[in-house]
Amino acid sequence: MKLKMLPIVVASFIGFSVQAVPIVSPSPIALQAEAQTGVNINTASAQEIASALVGIGVTKAEKLIEMREQLGGFTELEQLLDVKGIGLKTLEKNRDNIRLN
């Protein structure tokens, strides 16, 4: 990460002074990682899925992986509804944290 120094004016009772404050600029790699938040359910392990998704433990995650293997990978989020124990509420809670690729 690169640090940039930007002048910030700080007022005091006696007068004014200028101080340089370091500003952290995210690297391109950090920006790319931020853009790809969530868990890829087509590649993640059961433990990774269980850690990333609300209401899904390791057992449900293992069932999800079994379904993934049967399908050859998920192509739509709604296919998760076919996994026993994953309903519409669970899907909606996690929709923003699930990636298919």
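The values are calculated or read from the model by the stated rules, or taken from the named source; none is laboratory data. Model, not experiment: these values are computed from the prediction. All Cβ positions, even for glycine, are placed from backbone atoms using ideal geometry, and neighbour counts span all protein chains on display.
Mind listing just one residue for me: the one in segment 17-52 that is of a type in the set (A, V, I, L, M, F, W, C), assigned to a helix (DSSP H, G or I) and modelled with pLDDT under 95 and, of those, farthest from the chain's Cα centre (by Cα)?
Ile29
So, Asn101, is that one touching a strand residue (DSSP E or B) at 6+ places or on another chain (Cβ under 8 Å) and modelled with pLDDT of 95 or more or not?
Criteria not met by Asn101.
Across segment 53-92, what is the total count of residues that are in a helix (DSSP H, G or I), more than 20 Å from the chain's Cα centre (by Cα) and basic (Lys, Arg)?
Residues meeting the conditions: 2.
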